[in-house]
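For reference, the structure discussed in these notes is given below.
The values are calculated or read from the model by the stated rules, or taken from the named source; none is laboratory data. Just so you know, these numbers come straight off a predicted model, no measurement behind them. We place every Cβ from the backbone using ideal geometry, glycine too, and count neighbours over all the protein chains shown. Surface areas here come from the heavy atoms of the whole protein model, side chains and all, with no ligands, DNA or RNA. Shrake-Rupley method; radii C 1.70, N 1.55, O 1.52, S 1.80 Å.
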Amino acid sequence: MLQSWGFDPWFAAHAADMFMEGCGFARVCAVDRGAYRIRGEGGEVPAELAGRLAYHVDSAADRPCVGDWVTVQWHSDGTAAIIHRVFPRRTVLRRKTAGDGCAVQMIAANIDTAFIVQSCHYDFNPGRLERYLVMLADGGVEPVVVLTKTDLVTPEDLGNLLAVVAAVTPARVIALSSVTGAGLDVLRQALAPGRTYCLLGSSGVGKTTLLNQLTSGQAGAGGLHEHAHVTRADRATRAVSATGEGTHTTTRRQLTMLDGGALVVDTPGMREVGTVAAADGVDAGFADIALLAGECRYADCRHEHEAGCAVRAAVDRGELSATHYRNYLKLRKEAEFSEMSQLDRRRKDKAFGKLVKSVKKHMGY
């Protein structure tokens with residue numbers, strides 16, 4: 001049972017360290033405003049956090065998120081549970097929270113492949129695509145680009161979009177239409193049982209419609225798995241506008257098992273994709289630039305004004321897109337600022353902790 005929900009040998013190797021007397025293991029399959037649902041051997045039940053996880057973790061990112069494996073204690077005849085521990089995460093999807101702060105928001109954990117969904121019609125945005133690629137590279141998640149609504153563009157326009165994607169990333173691309181059904185079988189064939197996938201993208205690009213079709217399509221590839229909690233009827237969609245733009249409908253992150261045994265996380269649309277990746281993560285997200293950087297004269301070249309920079313030379317020759325290059329520099333600067341902000345916050349937290357101890361000692365506590 002647990003194996004079918006992704007409890008593979010990697011997680012089994014951590015089971016001894018995560019064991020607690022009177023507890024078992026489960027996977028977090030839904031999170032909605034602090035409310036959890038988990039799935040273990042006995043099925044899916046609501047769960048709450050133990051006090052230590054709720055109030056004594058270093059940051060909100062240390063609390064469970066969708067896709068996490070957790071140590072749980074069942075109660076009320078197995079109809080509810082308490083989450084005590086979170087397994088180490090093999091991969092993560094995370095972003096900087098909206099605004100000017102440096103806090104991290106977890107999107108999902110233990111994702112094998114993420115489908116970056118962009119609409120061919122109104123939403124196509126290479127800059128946002130690059131941000132998603134950096135997020136996935138930083139978290140160790142394999143990317144696949146999915147272009148939806150191909151029925152709204154001409155074959156020539158679609159070819160141009162595919163060329164733009166190819167210039168940004170060597171990742172696999174699947175182009176499809178939820179209206180005509182073209183490309184849906186290709187996507188279905190990319191889903192393997194026991195593997196965990198995630199749909200990422202802005203609101204209105206067709207993620208929920210796509211998941212509905214994956215969970216209800218043709219016999220053998222369609223109907224929702226008998227163990228899944230969420231039925232197709234639970235995933236509402238709204239009609240697109242005259243421009244082809246969809247409307248935001250998904251409000252929570254949840255893990256669904258498809259009929260073929262693949263596991264898929266749907267996520268609310270993201271207006272901002274703030275990166276928390278380190279500089280190495282940005283380099284991994286821009287594999288073409290990282291490859292060129294190996295030819296720079298200086299090993300610590302920042303690819304800005306240094307002599308002998310192979311990256312800038314490629315831009316000057318027209319072999320590397322100037323926009324792609326500028327986005328790389330922008331994300332590198334964001335990553336460096338994020339690293340400095342987090343370091344500064346840790347220093348302030350450490351100094352505050354010392355102040356509290358000093359006051360307590362002075363007052364005789």
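Give the calculated FRET efficiency between GLU156 and GLU21 to the nearest 0.05, with a Förster radius of 56 Å applied to their Cβ-Cβ distance. Rounded to the nearest 0.05, the efficiency is 0.30.
If you filter the stretch 1-108 for GluC sites (Glu not before Pro), then keep DSSP loop positions with at most 16 other Cβ within 10 Å, what is left? Passing sites in the stretch 1-108 are GLU21, GLU41. Applying a DSSP loop filter and a limit of 11 other Cβ atoms within 10 Å to the trypsin sites (Lys or Arg not before Pro) in the stretch 1-40 leaves ARG33. One decimal place: the segment ARG317-VAL164 gains 53.3 nm when fully extended, by the rule 0.36 nm per residue minus the C-alpha distance. Net charge of the neighbourhood of LEU320, taken over other residues with C-beta under 14 Å away and scored Lys/Arg +1, Asp/Glu -1, is -2. Of the trypsin sites (Lys or Arg not before Pro) found in the stretch 305-336, the ones in coil according to DSSP and having at most 11 other Cβ atoms within 10 Å of their Cβ are ARG317. Over all orientations, the stretch 69-181 has a Cα convex hull whose mean projected area works out to 10.6 square nanometres. Building the convex hull from the alpha-carbon atoms of the stretch 1-89 and averaging its projection over directions returns 5.6 nm². At the residue level, GLU142 shows approximately 100 square angstrom of accessible surface with a 1.4 angstrom probe and all protein chains present.
Count Lys and Arg as plus one, Asp and Glu as minus one, and take only other residues whose Cβ is under 15 Å from that of ALA307; the net charge is then -2. Taking other residues whose beta carbon is less than 11 angstrom from the beta carbon of MET135, and scoring Lys, Arg as +1 and Asp, Glu as -1, yields +3.
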